[in-house]
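What follows is calculated from the coordinates using simple rules that are stated; it is not laboratory data. Fair warning: this is a prediction, and the values are worked out from it, not measured in the lab. A quick note on method: Cβ atoms are made from the backbone with ideal geometry, for glycine too, and the neighbour counts reach across all protein chains shown.
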Amino acid sequence: MTMIHGFQARHEPGLEPTSLPLLLLHGTGGDENDLIEFGRMVAPRAPLLGLRGQVKEGFANRWFRRMGEGVFDLDDLERRAADLAEAVRAAGVELGFAGKPVAVGFSNGANIASALLLRHPGVLGGAVLMRAMDTLPPAEGLDLAGLGVLLLNGAQDPMAPAASREALVRSLRGAGADIVEQVTAPGHGLTMNDVNAARAWLAPRLSAAA
Ligand code: MLT
């Protein structure tokens, strides 16, 4: 078992060590292996790092606590985002990343990824947020100038309604992030449209020199 700073991890070095790595953040009930195949499809040569959220909801792994569906424990989210930020920094040194990883997060994993952007803006080189929702308000003076963020949404996603998605976009855009939004599915589940949209968006962005 590979551990990175207290997180169970799966690392796939990839064929192109000079590529930015993908940081793969699973949804509720997933683990460090969940998005590896997805990561390979969207970035065929990049190093991949899958991590496992440290919170348990029954048997399900999560990234932070919630009181109910869509009712988040924001203090826990702040703490967990800080822990994850440390782990991602440590992984970069330990695994010799060519640059800051680009997060690819689904649902609960997209929500912790956006918390990294909003609270620890130096940690990620960009993010693909799939079925993300609004959680934390942006930090005062937050600067995400030019940072690329792709939001892949479900048209009628019951867990990530339009008002919540729009609030998240306002927070990220207000801090200067370069946002692209796409509707890739009818609901919360991922589809091949997500693979295709993420691959097209990532392709020009994974060169560490860029
Ligand atoms: C969350 O708890 O982050 C969202 O409700 C999505 C999910 O259930 O994974």
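Each Lys and Arg contributes +1 and each Asp and Glu -1, all at the Cβ; summed about the Cα centre of segment 11-127, the dipole is approximately 180 debye. Here segment 163-207 is treated with +1 on each Lys and Arg Cβ and -1 on each Asp and Glu Cβ, and its dipole about the Cα centre works out to around 80 debye. Among 30, 109, 146, determine the one that fluctuates most according to a GNM of the chain built with springs between C-alpha atoms less than 10 Å apart. For the chain, modelled as a Gaussian network with Cα springs under 10 Å, the answer is 146. Where only DSSP H runs of four or more residues are counted, the chain gives -9500 deg cm²/dmol as its mean residue ellipticity at 222 nm, each run worth -39500 (n - 2.57). Start at zero, step by 5 Å, and the Cα-Cα distances of segment 120-197 spread as 3, 16, 26, 25, 16, 10, 3, 0 percent across the bins. Across the options 84, 98, 125, the greatest Cα extent toward the positive end of the charge dipole of the chain (unit charges at beta carbon of Lys, Arg, Asp, Glu) belongs to 98.
Enter the mean projected area of the convex hull around the alpha-carbon atoms of the chain, in nm², rounded to one decimal.
Convex hull of Cα atoms, orientation-averaged projection: 10.3 nm².
Working note: Debye formula, equal point scatterers on the alpha-carbon atoms of segment 44-144, no solvent; log10 I(q)/I(0) at q = 0.17, 0.24 Å⁻¹ is -0.76, -1.45.
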